[in-house]
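For reference, the structure discussed in these notes is given below.
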Amino acid sequence: MSYSKTEEIVFTQSELISQKYGYSIYDVEFVKEGPHRFLRVYVWSEEGVNLDICEKISRELSEYLDREDLILEAYFLEVSSPGIERVLKTDKHFFGAIGEEITVKLKDNVEISGELTSADDTGISVLCDGEEVKIERKNIAKANVVFKF
């Protein structure tokens, strides 16, 4: 997983802001959807994230971005939690999800669901129907936590 230069700068600045409030940044993405650009910042805490903290981080980050004139094109800033079925992209994401139920979609469109039992920088292991399945990270198209009701 690699970030663009803009995403790296926003991640670093967002992390500095969020740490003041006892939170961390889970992920940042700067994407184009249709005619619009979105800068999305995902805030994380084991205890959860509320609207008040998202608003505080959004306000401070927006002031920073306006002051630094970092992004020259029009965009929408969105600050939120990564959600209960959060996407897993980085080593930190996978390590933090060990023991949780996940779904992994491979690049060849095969989908595997089960408990994430281990992770390292090259791959993960998922307990699926009683069998441990090893998956190389380079073969993962998308992975996310699955919330069980």
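Tabulated results
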item	result
Residue, farthest from residue 83 (Cα to Cα), within segment 121-149, restricted to residues that are surrounded by fewer than 15 Cβ atoms within 10 Å (Cβ to Cβ) and either of a type in the set (Phe, Trp, Tyr) or touching a helix residue (DSSP H, G or I) at 6+ places or on another chain (Cβ under 8 Å) (or both)	122
Residue 28 being surrounded by 13 or more Cβ atoms within 10 Å (Cβ to Cβ), assigned to a loop (DSSP other than H, G, I, E, B) and without any contact (Cβ under 8 Å) to a residue 60 or more places away in the chain	no
Qualifying position, being more than 18 Å from the chain's Cα centre (by Cα) and surrounded by 15 or more Cβ atoms within 10 Å (Cβ to Cβ), among 55, 60	60
Odd one out for residue 10, checked against (1) within 24 Å of residue 94 (Cβ to Cβ); (2) part of a helix (DSSP H, G or I); (3) without any contact (Cβ under 8 Å) to a residue 40 or more places away in the chain	(3)
All positions within segment 65-86 that are surrounded by 16 or more Cβ atoms within 10 Å (Cβ to Cβ), of a type outside the set (A, V, I, L, M, F, W, C) and over 17 Å from the mean Cα position of the chain (by Cα)	75
Number of the exception - residue 43 against (1) over 13 Å from the mean Cα position of the chain (by Cα); (2) farther than 27 Å from residue 138 by Cβ	(1)
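Here, each number is a calculation from the coordinates, and none is a lab measurement. All values reported here derive from a predicted model rather than from experimental measurement. Cβ coordinates were reconstructed from backbone atoms using ideal geometry, including for glycine residues, and neighbour counts include every protein chain displayed.
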